[in-house]
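Following: one structure in structure tokens, then a few remarks.
The values are calculated or read from the model by the stated rules, or taken from the named source; none is laboratory data. This structure is a prediction, so every number in the text was calculated from the model and none was measured. Every residue, glycine as well, gets a Cβ built from its backbone with ideal geometry; the counts of neighbours run over all protein chains shown.
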Amino acid sequence: MLTEDNTMKEQPVEPAAVISPFEEKVESWRQRLSLFLGPLLGLVFLLMPMPGLSRQAHVLAAIIAWVVVWWIGEPIPIPVSSLLGAVLCILFGVADARTVMAPFADPTIFLFLGSFVMARAMNVHGLDRRFAFSIMSMSWIGDRAWRILFAYGAISAFISMWISNTAATAMMFPIGLGIIAAMAGLLEKKTGRKADPARMRFATAMMLMAAYASSAGGIGTPVGTPPNLIGLAMIEKFAKVKIPFFQWMLFAVPMLLAMYVVLFLMLYAMHKPEMPVIAGSREYVRQELAKLGPWSRGQKNALAAFLLTVALWVIPGFLAVFWGTASPLAKWYGSHLPEAAAALIGATFLFLLPVNWQKKEFTISWRQAVNIDWGTLLLFGGGLSLGNLMFSTRLADHIGQGLLRFSGAESLWGITFAAVFIAIIASETTSNTAAANMVVPVIISLSLAAGINPVPPALGAILGCSWGFMLPVSTPPNAIVYGSGLVPIVKMIRAGFLFDLAGGLLIWLGLRLLLPLVGLA
């Protein structure tokens, strides 16, 4: 971040995931096996008779089988697997290059891009850490263990509504370690024996809270996590329904609040703090906040650009409330200032707002801006391309009808229930972004085949893709906190299974209660 003399100071390095030798061997074998299993399964699908499918759909099924295995096994980076899928579709004549590559320039790609650049600017200037420490130092939190845990998770969830779940966890991770160290020191003074943080229940609760709250918080806004934008783009394209930013928050934020209360109660009950009061925790937080110094020009600029973008995102919702979606003003705004354009406006302002005019230093430089997650952009483009082809070749119809016959589900909410838990299972085995690319188009097609409104099942699948809490490999936030050594694998599996189950039920119930109220069911 920029210090008072406008020199650049490096932000804390994102903690790396640490796994045991046994887990490392399992990962190695998983990658080696999938390297050969992917093309082998693709060949089996290619040679297998598939009556009722066109040649393009048959070839596409083989390519998707290959890519899905590589998404799960990760013998090569997941974004590269997505690019391979697109190349194979061109090479084997599923569609021409223009058709296959067009989704890589979808407007949602640029919504991602603008959001990532703004999150990068917030990190560069320490705005995210200033916000977290400012909340944690508030007097009402005090030294009470339950209040610290509650506020710590609430901050993680709120921040992850606007930046990536991984970045939110990485930011909150050292804050949690500092508070755990304060409790360990207090225990040593009280008992006269050395306190091992790895054996502290409160340490496990804090680490799991950082990961789980960050992953759950991503559902609160369309930009909170990639599956949201992926699913929204597919709903708009295949179901012909556009869900604006504000309308998403109308049902997602109440669901997030309910889920967070359940998460807090669950973690607190399962990992009761060793002592109710953690003396010294407030002092630690306030010392860290003081180290940040006064607000820098870069922090103020990053906040201004962020608030401008959020305002542009939510204005359509207010226009719809007061004048209706069919009003000329709402239509004009939607066509001239869509969400992708709003994100790029905010990102562009970062390059225009000066930090030091004499030195020609601006809020963010291109060198800093390029350090965003380009892999997610490629993964999204590849997944949307395969989704488009599944519909144009009618492969999605074929899969959806087969699943409909197999499951026997016929009602809107029965299919929605199945969609939620299919997505949760998929997200336990691969990244949530890859899970969304796999599950959402199939769920939409299944819903259309059943003759029901595809929006609730698709939203169930989208939200379910953010629920993967059982294993260190399920999500990067899980891997980060597992690497601390403070979360035994058995405790992660136990807590993750319960939150998967509770979260899935809450998603289904929340959609059933809230979607009719916001006009989506």
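How many residues are under 15 Å from residue 65 (Cα atoms) and within 23 Å of the chain's Cα centre (by Cα) when one looks only at segment 75-84?
5
Please give the number of the condition residue 93 fails out of (1) under 29 Å from residue 437 (Cα atoms); (2) in a helix (DSSP H, G or I).
The number of the failed condition is (2).
Taking the criterion of being of a type in the set (A, V, I, L, M, F, W, C), in a loop (DSSP other than H, G, I, E, B), within 22 Å of residue 374 (Cα to Cα) and in contact (Cβ under 8 Å) with a residue 60 or more places away in the chain, would at least one residue in segment 223-233 satisfy it? Break it down into steps so the answer makes sense when it comes.
Within segment 223-233, the first condition is being of a type in the set (A, V, I, L, M, F, W, C), and the residues that meet it are 223, 229-230, 232-233.
When the remaining residues are screened for being in a loop (DSSP other than H, G, I, E, B), the result is 223.
Filter once more, keeping what is within 22 Å of residue 374 (Cα to Cα): 223.
Filter once more, keeping what is in contact (Cβ under 8 Å) with a residue 60 or more places away in the chain: 223.
Yes, there is a match, as at least one residue in segment 223-233 is of a type in the set (A, V, I, L, M, F, W, C), in a loop (DSSP other than H, G, I, E, B), within 22 Å of residue 374 (Cα to Cα) and in contact (Cβ under 8 Å) with a residue 60 or more places away in the chain.
Among the numbered criteria (1) of a type in the set (Lys, Arg); (2) surrounded by 19 or more Cβ atoms within 10 Å (Cβ to Cβ); (3) not in a helix (DSSP H, G or I), which single criterion is violated by residue 282?
(3)
What is the number of the single condition among (1) hydrophobic (A, V, I, L, M, F, W, C); (2) part of a helix (DSSP H, G or I); (3) under 22 Å from residue 383 (Cα atoms) that residue 243 does not meet?
Unmet condition: (2).
Against the conditions (1) of a type in the set (Ser, Thr, Tyr); (2) modelled with pLDDT under 90; (3) more than 30 Å from residue 344 (Cα to Cα), where does residue 115 fall short? Just the number, please.
Condition (3) is where residue 115 drops out.
Only residues in segment 102-115 that are within 15 Å of residue 228 (Cβ to Cβ) count as the first member; pair them with residues that are among the aromatic types (Phe, Trp, Tyr) and surrounded by 20 or more Cβ atoms within 10 Å (Cβ to Cβ), Cβ under 9 angstrom, at least 6 apart or cross-chain, and list the lot.
Correct list of pairs: 106/380; 108/380; 109/380; 112/380; 115/162.
May I ask you to list the residues in segment 457-483 that are more than 21 Å from residue 71 (Cα to Cα), surrounded by fewer than 24 Cβ atoms within 10 Å (Cβ to Cβ) and in contact with a helix residue (DSSP H, G or I) (Cβ under 7 Å, 6 or more places away or on another chain)?
Scanning segment 457-483 gives no hits.
Looking only at segment 498-521, which residues are surrounded by fewer than 19 Cβ atoms within 10 Å (Cβ to Cβ) and under 19 Å from the mean Cα position of the chain (by Cα)?
501, 502 - these are the residues of segment 498-521 that are surrounded by fewer than 19 Cβ atoms within 10 Å (Cβ to Cβ) and under 19 Å from the mean Cα position of the chain (by Cα).
Scan segment 20-39 for residues that are of a type in the set (D, E, K, R) and modelled with pLDDT under 85 and jot them down. First the steps, then the outcome.
Here is the first cut: in segment 20-39, the residues of a type in the set (D, E, K, R) are 23-25, 27, 30, 32.
Within segment 20-39, 23, 24, 25, 27, 30 qualify.
Scan segment 292-307 residue by residue and report those that are out of contact with any His (no Cβ under 6 Å at 6 or more places or on another chain), closer than 14 Å to residue 118 by Cβ and either among the small types (Gly, Ala, Ser) or not in a helix (DSSP H, G or I) (or both).
Listed by number, the residues that qualify are 304, 305.
With the requirement that a residue be of a type in the set (Val, Ile, Thr) and under 30 Å from residue 401 (Cα atoms), what does segment 333-390 give you? Quick ask: steps written out before the conclusion?
In the first step, residues of segment 333-390 are kept if they are of a type in the set (Val, Ile, Thr); the result is 345, 348, 355, 363-364, 370, 372, 376.
Correct list: empty.
Cβ contacts < 7 Å: first residue within 22 Å of residue 382 (Cα to Cα) and modelled with pLDDT of 90 or more, restricted to segment 40-64; second residue of a type in the set (Phe, Trp, Tyr) and not in a loop (DSSP other than H, G, I, E, B), any location; separation 6+ or different chain. Result?
Between residues of segment 40-64 that are within 22 Å of residue 382 (Cα to Cα) and modelled with pLDDT of 90 or more and residues that are of a type in the set (Phe, Trp, Tyr) and not in a loop (DSSP other than H, G, I, E, B), the close pairs are 41/66; 42/66; 61/45; 62/45.
Just the residues that are farther than 18 Å from residue 156 by Cβ and surrounded by 14 or more Cβ atoms within 10 Å (Cβ to Cβ), please, taken from segment 484-496. If you could, list the steps in order and put the result at the bottom.
At the first step, the residues of segment 484-496 found to be farther than 18 Å from residue 156 by Cβ are 485, 488-491, 493-494.
Result: 489, 491, 493.
Please enumerate the residues belonging to segment 447-469 that are under 16 Å from the mean Cα position of the chain (by Cα) and either outside any helix (DSSP H, G or I) or small (Gly, Ala, Ser) (or both). Steps first, answer last, please.
We begin by selecting, within segment 447-469, every residue under 16 Å from the mean Cα position of the chain (by Cα); these are 459-469.
Answer for segment 447-469, where residues must be under 16 Å from the mean Cα position of the chain (by Cα) and either outside any helix (DSSP H, G or I) or small (Gly, Ala, Ser) (or both): 460, 461, 464, 465, 466, 467, 468, 469.
How about segment 419-446: which of its residues are part of a helix (DSSP H, G or I), hydroxyl-bearing (Ser, Thr, Tyr) and in contact (Cβ under 8 Å) with a residue 60 or more places away in the chain?
Let us first name the residues in segment 419-446 that are part of a helix (DSSP H, G or I), namely 419-429, 432-446.
Okay, now just the ones that are also hydroxyl-bearing (Ser, Thr, Tyr), so 427, 429, 433, 445.
Result: 429, 433, 445.
With respect to residue 274, determine if the residue is surrounded by fewer than 19 Cβ atoms within 10 Å (Cβ to Cβ), at pLDDT below 85 and either over 24 Å from residue 125 (Cβ atoms) or basic (Lys, Arg) (or both). Lay out the reasoning, then the answer.
Numbers: surrounded by fewer than 19 Cβ atoms within 10 Å (Cβ to Cβ): no; at pLDDT below 85: yes; either over 24 Å from residue 125 (Cβ atoms) or basic (Lys, Arg) (or both): yes.
So residue 274 fails the test.
Given the criteria of a type outside the set (S, T, N, Q), at pLDDT 90 or above, part of a helix (DSSP H, G or I) and crowded, with 24+ Cβ neighbours inside 10 Å, does residue 213 qualify?
Numbers: of a type outside the set (S, T, N, Q): yes; at pLDDT 90 or above: yes; part of a helix (DSSP H, G or I): yes; crowded, with 24+ Cβ neighbours inside 10 Å: yes.
Spelling it out, residue 213 is indeed of a type outside the set (S, T, N, Q), at pLDDT 90 or above, part of a helix (DSSP H, G or I) and crowded, with 24+ Cβ neighbours inside 10 Å.
Quick one: how many residues across segment 171-180 are modelled with pLDDT under 75 and crowded, with 23+ Cβ neighbours inside 10 Å?
1
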